[in-house]
Amino acid sequence: ATLQEMSDILESAWQSGGNILIPAFAVGRSQELLYWFAKHYNDWNLGRWKIFLDSPMASKVVEVYDRHEELFDAEDRAVFHGKPSPFRLPNLHYTSDVEESKAINQHKGGCIIIAGSGMCNGGRVLHHLTHNLPRAECHVIFTGYQAPGTLGRALVDRARRVNIHGMSVPVQATIHTVGGLSADSPVKK
């Protein structure tokens with residue numbers, strides 16, 4: 001059900017014409033998402049999106065995973081050698097500096113933005129939330145637990161407004177929670 005749910009969310013988001021924001025931790029979750037994107041690249045019609053991994057730390061962790069694929073089992077190695085490879089998706093952009101990160105928000109639609117932190121309690125995701133939450137055509141996908149007291153939890157609990165950097169930001173974007181993607185990811189093995 002989780003894979004179909006993700007497929008449905010991606011299609012709905014594409015039809016609405018906005019961006020998708022996925023708050024994710026730099027170690028583990030970001031790489032899991034790229035793994036699933038590669039594994040279901042065609043099924044989920046991901047080629048039509050611009051995908052941004054907006055986290056210098058996550059990008060460095062990707063390099064480590066990429067250098068040590070021998071640690072994965074045969075099935076996962078097949079995904080890494082497949083077309084496309086998780087860390088070399090043809091439409092994947094790694095952002096390293098703050099200016100590149102800010103420039104992402106010039107794109108008003110057609111982008112999947114993976115940015116930290118996973119519970120929205122800091123990091124580049126806050127900048128993206130400020131730009132995308134007020135827009136009804138945008139979507140935010142949470143793929144992990146959101147602890148009480150975090151901005152992520154407030155969004156999952158359907159807050160109508162949230163406070164980001166001292167600003168009251170209206171929440172018009174659609175909020176999704178998708179669990180279970182990590183079940184057979186190589187990152188968990």
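The values are calculated or read from the model by the stated rules, or taken from the named source; none is laboratory data. Predicted model only: the values in this text are computed from it and were never measured. When we count neighbours, we look across all protein chains shown, and the Cβ atoms used for this are built from the backbone with ideal geometry, even at glycine. These accessible areas exclude ligands, DNA and RNA; they are computed on the full protein's heavy atoms, side chains included. Shrake-Rupley method; radii C 1.70, N 1.55, O 1.52, S 1.80 Å.
Which FRET efficiency, nearest 0.05, do R88 and Y145 yield, Cβ-Cβ r, R0 25 Å?
Once rounded, the FRET efficiency stands at 0.25.
Mean separation of Cα pairs under 8 Å and 6+ residues apart, divided by the residue count of the range 108-177: what relative contact order is that in percent?
In percent, rounded to a whole number, it is 34.
Counting only protein heavy atoms and using a 1.4 Å probe, what share of the accessible area of the range 1-48 belongs to carbon plus sulfur, as a whole percent?
47
Quick one: of the DSSP bridges fully inside the range 93-189, what percent are antiparallel, nearest 5?
50
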